[in-house]
Amino acid sequence: MDLPAPQTYSPVTFRPLTFHDAVPRFLSGEDTPRAYLERCLETIAAREPEVMAFAHLNAEGARAAADESTARHRAGVPLSPIDGLPIGIKDLYETHDMPTEMGCELYKGNRPNRDSAMVQALRAAGAVIVGKTVTTELGMSHPGPTRHPFDLRRTPGGSSSGSAAVISAGMLPVAIGSQVVGSVVRPASFNANWALKVSQGALNRGERQGYSQSTVGVHAGCPEDMWAVAVEIAKRVGGDPGAPGLFWTGETAPPAFKPRRLAVLETEGWAAAHPGAIAAFEQALDALRAAGVTVLRRGDHPLLEAFEQRASTAMEMSREVVAYESGWSVANLMRQDASKLSDSLKARFKVGNSVTLADYRMHLLRREEMRRAQAALAGEVDAFIGLAATGPAPVLGSTDGTIRGITHTTGNPAMNTASSCLGCPVVTVPIMAVDGMPVALAVSGQVHQDERATAIGRWIAGAVPPIMV
């Protein structure tokens, strides 16, 4: 099939779908949640055949929920600021009215008939669940069918492939993703999303408690919608068991906050970064300095250098920790029918079997040392800034290396592994283009400083002019 020519992305002209600014029109009667949803469904009908971002659509269920929201707005009693918001749910999380197949052949037709904690919360807040977005196989490395909305020859990233793509395609204003290694931040960068990977455990993962680095993420077209969704989930179901949950101080997105000092966090991904991405990032740093922000590099402060050194093996650490923690669950799948599992997942299972308990304890110790090194900088800098991905989205089928049989076909996660190990919040700020494709900045903070990271991200988006290289 001949594919259409790629669209050139510009952070100056790109206008994703937003929701918060439509709510006043719902209350005045100029617009309705049902009409808003129908516009989303029209875009989905036009773009989904080529983008393939959805694992399952529930248009009729969404229409019924949107009608209920319309009635509440007409009566002046919306349930929350996100009442009527059309949203997609990554197909790792359970929904009582749709299958949960997790991108895996062995789960075809799986209908658990229950809602994950965050899905319950979203429904209680009046959000309209439109469908399940495509994930890579079990949220790991093997890709699903989704293609990049700007260039169908490219991957949208993974594992939150569909969640990122529905934003850049203008299908939905918000979608739920998740991250264990780089599955929110990297696809958000590839697709010009605002996204929040929350602090570890800050939003309740429901049934998805099996990985010590697994974290919920929110993809959106703007920071206001991103933050509102995170808060409304936290209000109703909090964080993971034993975690304090997301912290917030107001009902709306935190106002822009100008940082005093930012520390560049290169990580091991810096060596693999696209030259254009590095050039764009350096321009962003120049703009920050011109705005009066002190920018520290690793050679400027011994604690920052110590932090970088401890973050330099995050990829290996993540790979072995995740492989070890997934060993028992993948063993169950292998017993059922190994022929329905990808070679990459089988390789991950092999890696998991090779990691001993002593190895796992060593990795946990190294991860804790990394977290302490970040915490030691709490009084020195307001946040950390880096690239959200090593560069633009790669072409479909290309690999960023096969390590111990595990092949990365949705982009190199090296820029993201440190923040996953740290369990800290990350906000993607989509203000850069490289070779006509999106690349985002990543603002990360100390654990539980999700609100501050969001506020700093909003300030950067207003202070740093769009960059195109």
Has segment 232-239 got any residue that is assigned to a loop (DSSP other than H, G, I, E, B), free of Cβ contacts under 8 Å to residues at least 60 places away in the same chain and touching a Ser or Thr at 6+ places or on another chain (Cβ under 9 Å)? yes
Across segment 104-136, what is the total count of residues that are surrounded by 24 or more Cβ atoms within 10 Å (Cβ to Cβ), touching a helix residue (DSSP H, G or I) at 6+ places or on another chain (Cβ under 9 Å) and in a helix (DSSP H, G or I)? 2
Per-region count, segment 257-309, residues assigned to a loop (DSSP other than H, G, I, E, B) and open to solvent by 60 Å² or more (accessible area, probe 1.4 Å): 4
Name the residue, out of L57, L85, that is touching a residue at least 12 places away in the same chain (Cβ under 8 Å), closer than 22 Å to E137 by Cα and of a type outside the set (D, E). L57
Close pairs (7 angstrom Cβ cut-off, 6 or more residues apart or separate chains): of a type in the set (K, R) in segment 436-453, open to solvent by less than 30 Å² (accessible area, probe 1.4 Å) and part of a strand (DSSP E or B) anywhere: R452/A383
Starting from residues that are at negative phi and in contact (Cβ under 8 Å) with a residue 12 or more places away in the chain, keep the ones in segment 42-54 and report whichever is surrounded by the most Cβ atoms within 10 Å (Cβ to Cβ). A53
Output the number of the condition that G139 fails; it satisfies all remaining conditions of (1) touching a strand residue (DSSP E or B) at 6+ places or on another chain (Cβ under 7 Å); (2) at negative phi; (3) of a type outside the set (S, T, Y). (2)
Scanning segment 24-40 residue by residue, those of a type outside the set (F, W, Y), without any contact (Cβ under 8 Å) to a residue 60 or more places away in the chain and at negative phi turn out to be P24, R25, L27, S28, E30, D31, T32, R34, A35, E38, R39
Every residue in segment 67-80 that is part of a helix (DSSP H, G or I) and within 16 Å of A121 (Cα to Cα), please. S69
Selection from segment 1-36 of residues that are part of a loop (DSSP other than H, G, I, E, B), open to solvent by less than 40 Å² (accessible area, probe 1.4 Å) and farther than 30 Å from V429 by Cβ: T32
Could you go through segment 388-396 and let me know if any residue there is open to solvent by less than 10 Å² (accessible area, probe 1.4 Å), touching a His at 6+ places or on another chain (Cβ under 7 Å) and in a loop (DSSP other than H, G, I, E, B). yes
Looking at (1) open to solvent by less than 10 Å² (accessible area, probe 1.4 Å); (2) under 12 Å from the mean Cα position of the chain (by Cα); (3) over 16 Å from G423 (Cβ atoms), can you tell me which one E232 breaks? (2)
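The values are calculated or read from the model by the stated rules, or taken from the named source; none is laboratory data. These figures come from a predicted structure and were not determined experimentally. Cβ sites come from the backbone with ideal geometry, for glycine too, and all protein chains shown count toward neighbours. With ligands, DNA and RNA removed, areas are computed over all heavy atoms of the protein, side chains included. Shrake-Rupley method; radii C 1.70, N 1.55, O 1.52, S 1.80 Å.
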